[in-house]
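Take a look at the structure below.
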Amino acid sequence: MRGPIAPPQVPLAASRADAFADLVQDSVERLERRWPQLAEIDFMVLEVPRPAAADEPWNDEAVPLGGTVPAREGRRARVVVYRRPVEIRTKGRDERAALVHEVVVEQVAELLGLTPETVDPRYGDED
């Protein structure tokens with residue numbers, strides 16, 4: 001018998017990319033309670049970071065887990081979380097959710113010109 005193991009409305013049917021995007025959205029919703037201006041920022045998930053230029057050689061720097069794009073005329077600021085580098089560094093869903101939140105907090109702090117601890121007082125706490 002071929003077909004899906006579970007119907008689409010069951011969480012089992014969610015792709016890894018969808019489940020990851022949900023973690024980012026959960027983190028953003030937690031922060032929006034304290035920082036309503038986050039509604040003016042676009043949050044995105046990309047698989048991996050892109051090299052700065054196609055002809056630029058790879059180097060030994062750490063692969064980023066996230067990044068920011070400041071607002072420009074006619075374009076909202078963006079926070080990007082890179083799915084694959086985060087997944088590689090985590091073992092389970094809880095650990096992944098914690099790292100995603102940490103990355104989101106750090107990137108929001110950078111955009112707002114604040115410290116991560118100001119954005120989320122629980123930043124860096126071991127749960």
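The values are calculated or read from the model by the stated rules, or taken from the named source; none is laboratory data. This structure is a prediction, so every number in the text was calculated from the model and none was measured. Note: ideal-geometry Cβ built from the backbone for every residue, glycine included; neighbour counts use all protein chains shown. To get the accessible areas, we keep the full protein, side chains included, count just its heavy atoms, and leave off ligands, DNA and RNA. Shrake-Rupley method; radii C 1.70, N 1.55, O 1.52, S 1.80 Å.
Scanning region 75-100 for residues that are touching a helix residue (DSSP H, G or I) at 6+ places or on another chain (Cβ under 6 Å), farther than 18 Å from Ala39 by Cβ and not basic (Lys, Arg) yields a count of 5. Residues in region 33-55 that are at pLDDT below 65 and open to solvent by less than 60 Å² (accessible area, probe 1.4 Å): 1 in all. Restricting attention to region 70-83, the residues that are closer than 15 Å to Asp42 by Cβ and open to solvent by 80 Å² or more (accessible area, probe 1.4 Å) add up to 5. Of all residues in region 113-127, those satisfying the criterion of being within 18 Å of Arg33 (Cβ to Cβ) and either modelled with pLDDT under 95 or of a type outside the set (A, V, I, L, M) (or both) are Pro116, Glu117, Thr118, Asp120, Pro121, Arg122, Tyr123, Asp125. Cβ-Cβ contacts under 6 Å between residues 6 or more apart (or on different chains), taken from a first residue in region 48-77 that is of a type in the set (S, T, N, Q) to a second residue that is surrounded by 10 or more Cβ atoms within 10 Å (Cβ to Cβ) and modelled with pLDDT of 85 or more, are listed as Thr68/Val79; Thr68/Gln107; Thr68/Glu110; Thr68/Leu111.
Only one of the numbered conditions (1) open to solvent by 20 Å² or more (accessible area, probe 1.4 Å); (2) closer than 17 Å to Val119 by Cβ; (3) within 11 Å of the chain's Cα centre (by Cα) is violated by Arg96, and that is (2).
Quick test for you: out of Val86, Val105, pick the one residue that is surrounded by 17 or more Cβ atoms within 10 Å (Cβ to Cβ) and within 14 Å of Gln25 (Cα to Cα). Testing whether each residue is surrounded by 17 or more Cβ atoms within 10 Å (Cβ to Cβ) and within 14 Å of Gln25 (Cα to Cα) leaves just Val105. Note down all Cβ pairs under 9 Å where the first residue falls in region 11-32 and is within 19 Å of Gly66 (Cα to Cα) and open to solvent by 50 Å² or more (accessible area, probe 1.4 Å), the second is outside any helix (DSSP H, G or I) and at pLDDT 95 or above, and they're at least six residues apart or on different chains. Taking only residues 6 or more apart or on different chains, the pairs are Gln25/Phe43; Arg30/Asp120.
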